[in-house]
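Student: My structure is below; once you've seen it, I'll send some questions.
Every read-out reported here was derived from the displayed coordinates using simple, explicitly stated rules and does not represent laboratory data. All of these numbers come straight from a predicted model, not from anything done at the bench. Neighbour counts are summed over all protein chains in view; Cβ atoms, including those assigned to glycine, are modelled from backbone coordinates with ideal geometry.
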Amino acid sequence: MDAPLVLTTRIDPKEVDKEAHNIDVTARYPVEFYRATQEIKNPTEIESMMDLVSSRLGTPEQYEHFMFTHDTSNIAAGPLNSSYKTLGSMIEKMEAQLSLANRIRAVDAPDVAERVLKSHFLPDLIGNLRSFSRQRMRCIKCGEKFRRPPLTGACPKCGGNVVLTVHEGAVRKYLEISKEIGERYGVSSYTRQRIELLDYDICSLFENHKVKQLGLSDFMSGSAR
Ligand SMILES: [Zn+2]
């Protein structure tokens, strides 16, 4: 949620967010607007015929006679609950977003996949990997926290079991889905390599490469001179 940085006692339309100045308040769109969409014109070229709030600033019209193109019985009508809340896991949300992207012709689904990977899944993986290695330990009995595991393996206060506070599952959570989506949508090789590197980092941290215990004699066999 956005935290308020400035509180104002008098609202001056000139001072509100610029985005609000881009609202068109015309009752109907002129045919020129539709023609311009066919020519893929730059929106700024037809701004003057669209009756934007920005052109009314400083006049009494900045507060009144705002028109609209579609009537409604209730100005507050709309979805009461967004699918961001009804969908459970992040993976479900991702799948829903991508399936929508696939169905809308104007949306470039591989670009959506790339952006979600870059701005959500990768930072999450990197952040969790970092917090795993910097995590604190916790005693399950008395709740005492430790900056590093006690050498005895037990809580020095009560002798209880000391456990991790960040788990492997939290680090790996989005790894498989990231790999899968990267492949399925053919995201840039740079992004795929970043996922690959993370996969490598995660494996090197968690996989138990059973260390083969060798004795000095193992190096001496054969040519002992
Ligand atoms: Zn304890």
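Student: Packing-wise, with mean Cβ within 10 Å as the measure, how do 85-96, 66-77, 36-47 rank, highest first?
Tutor: 85-96, 36-47, 66-77
Student: How are the Cα pair distances of region 82-153 distributed, in percent, across 10 Å bins from 0?
Tutor: Computed distribution, short to long bins: 16, 29, 21, 18, 11, 4, 0.
Student: About the Cα centre of region 88-206, how large is the charge dipole given +1 on each Lys and Arg Cβ and -1 on each Asp and Glu Cβ? Please answer in debye to the nearest 20.
Tutor: It comes to approximately 720 debye.
Student: I've got another one for you. What's the ranking of 109-117, 185-193 by average number of surrounding C-beta atoms within 10 Å, highest first?
Tutor: Ranking the peptides 109-117, 185-193 by packing returns 109-117, 185-193.
Student: Could you check the simple spin-label distance between ILE91 and ARG130, using points 7 Å along Cα→Cβ, in nm with one decimal?
Tutor: 2.6
Student: In whole Hz and in residue order, list the ³J(HN,Hα) couplings for region 149-157 that follow from phi through the Karplus curve 6.51 cos²θ - 1.76 cosθ + 1.60, θ = phi - 60°; x for Gly and Pro.
Tutor: Ordered by residue, 3J(HN,Hα) equals x, x, 4, 6, x, 10, 5, x, 7 Hz.
Student: Let me ask another. Pairs of Cα atoms under 8 Å, at least six residues apart: use those to get the relative contact order of the chain, whole percent.
Tutor: Taking the mean separation of contacting Cα pairs over the length of the chain, I get 14 percent.
Student: Right, here's the next one. Can you pull the semi-axes for region 88-206, root of five times each eigenvalue of the Cα gyration tensor, sorted largest first, whole Å?
Tutor: Semi-axes, largest first: 38, 15, 9 Å.
Student: Let me know the shape class of region 139-222, please: from the alpha-carbon gyration tensor, a ≥ b ≥ c as square roots of the eigenvalues, rounded when a/c is under 1.5, otherwise prolate if a/b is greater than b/c, or oblate.
Tutor: Values: a/c = 4.14, a/b = 1.24, b/c = 3.34.
It comes out oblate by the Cα gyration axes.
Student: What size of dipole, in debye to the nearest 20, comes out for region 14-62 about its Cα centre when the only charges are +1 on Lys and Arg C-beta atoms and -1 on Asp and Glu C-beta atoms?
Tutor: 80
Student: Bin width 10 Å, alpha-carbon pairs only: give the P(r) of region 14-62 as whole percents, running from 0 to the bin holding the largest distance.
Tutor: Using 10 Å bins, I get a P(r) of 24, 49, 23, 3 for region 14-62.
Student: Go through region 138-145 residue by residue and turn each phi into a ³J(HN,Hα) via Karplus (6.51, -1.76, 1.60, θ = phi - 60°); whole Hz please, and just put x for glycine and proline.
Tutor: Residue by residue, region 138-145 yields 9, 7, 6, 8, 9, x, 4, 9 Hz.
Student: Compute the signed sum of charges (Lys and Arg +1, Asp and Glu -1) over the other residues within less than 12 Å, Cβ to Cβ, of HIS65.
Tutor: -2
Student: Placing +1 at every Lys and Arg Cβ and -1 at every Asp and Glu Cβ, with all other atoms neutral, what dipole size does the chain have around its Cα centre, in debye to the nearest 20?
Tutor: Result for the chain is approximately 1840 debye, rounded to the nearest 20.
Student: Read phi for every residue in region 94-102 and hand back ³J(HN,Hα) as whole Hz from Karplus 6.51 cos²θ - 1.76 cosθ + 1.60, θ = phi - 60°, with x for Gly and Pro.
Tutor: 4, 4, 5, 5, 6, 5, 5, 4, 5
Student: Here's a follow-up. Please name which of ALA36, VAL53, ALA3 has its Cα lying farthest along the dipole of the chain towards the positive end, using unit charges on Cβ (Lys, Arg +1; Asp, Glu -1) and the Cα centre as origin.
Tutor: Highest projection toward the positive end goes to ALA3.
Student: Also, quick follow-up: Name the residue from ASN102, SER204, PHE146 whose Cα lies farthest towards the positive end of the charge dipole of the chain, charges +1 on Cβ of Lys and Arg and -1 on Cβ of Asp and Glu.
Tutor: Comparing the listed Cα positions along the dipole, PHE146 ranks first.
Student: Give LYS18/LYS41; LYS93/LYS173; LYS93/LYS179; LYS85/LYS145; LYS93/LYS118 a once-over and call out the pairs whose C-alpha atoms are over 24 Å from each other. Kindly include the intermediate steps, with their values, before the conclusion.
Tutor: On the way: LYS18/LYS41 22 Å; LYS93/LYS173 14 Å; LYS93/LYS179 17 Å; LYS85/LYS145 34 Å; LYS93/LYS118 16 Å.
From LYS18/LYS41; LYS93/LYS173; LYS93/LYS179; LYS85/LYS145; LYS93/LYS118, over 24 Å: LYS85/LYS145.
Student: Still on this structure, I have one more. Give me the mean projected area, in nm² to one decimal, of the convex hull enclosing the Cα positions of the chain.
Tutor: Mean orientational projected area (the chain, Cα hull): 25.9 nm².
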